[in-house]
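One structure, pasted below without further comment.
Read-outs: derived from the displayed coordinates by stated rules, not from any lab. Only a predicted model underlies this, so the values are computations on that prediction, with no experimental measurement involved. Glycine also receives a Cβ, built like all others from the backbone with ideal geometry; neighbour counts cover every protein chain displayed.
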Amino acid sequence: MNKVFINKETDMVEQILEIREGEIIPDDYFPNCYAIEDMEGNINAYNLKYNKETKEFEVVEGLPAKEAGRVIKQPTLKDFQELKNENENLKVRLEKLEQLLNVR
């Protein structure tokens, strides 16, 4: 099963995420999109526009079906804490190196 995220302004497919068994991805995962569940996993292209009236996807001519893209993970509190700890460790190392340089 896929969860397809559609841009709220353009109704174009913006993200297609595969949902594994037991995995939950909220419909508001991308704030500028609304979600459609693709139970059969048929949606696999980004040149599709969602028609809200017919509840079907339409191909938009002139757009590539697939783009090489990447999803950038939003940093979490844990990520910030790890960076803060790494920064503190680097400060300690820098101070030690400066002390060694000042000895000579």
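Give me the net charge of Glu58's neighbourhood, meaning all other residues with Cβ under 13 Å from the Cβ of Glu58; Lys, Arg count +1, Asp, Glu -1.
-1
If you don't mind, another one. Pick out, from Asn42, Met1, Leu101, the residue whose Cα sits farthest towards the positive end of the charge dipole of the chain, with +1 on the Cβ of Lys and Arg and -1 on the Cβ of Asp and Glu.
The listed residue farthest towards the positive side: Leu101.
Ignoring everything except DSSP H segments at least 4 long, calculate the 222 nm mean residue ellipticity for the chain; use -39,500 (n - 2.57) per segment, divide by total residues, nearest 500.
Numbers: 1 runs with 27 residues, N = 104.
So the helix-based figure for the chain works out to -9500 deg cm²/dmol.
Listed here are the pairs Lys3/Lys78; Lys49/Lys73; Lys3/Lys91; which of them are more than 32 Å apart at the Cα?
Beyond 32 Å between Cα atoms: Lys3/Lys91.
Something else: Output the direction-averaged projected area (hull surface divided by four) of the convex hull of the alpha-carbon atoms of the chain, in nm².
11.0
Per 0.36 nm of contour for each residue apart, how much would the distance between Val92 and Thr54 grow if the chain were fully extended, relative to their Cα-Cα spacing?
7.5 nm
Something else: Which whole-Hz ³J(HN,Hα) couplings does the range 11-19 yield from phi under the Karplus relation 6.51 cos²θ - 1.76 cosθ + 1.60, θ = phi - 60°, glycine and proline marked x?
6, 8, 4, 10, 9, 10, 10, 7, 9
Charges only on Cβ, +1 for Lys and Arg, -1 for Asp and Glu: so what's the dipole of the chain about the Cα centre, in debye to the nearest 20?
The dipole magnitude comes to about 800 debye.
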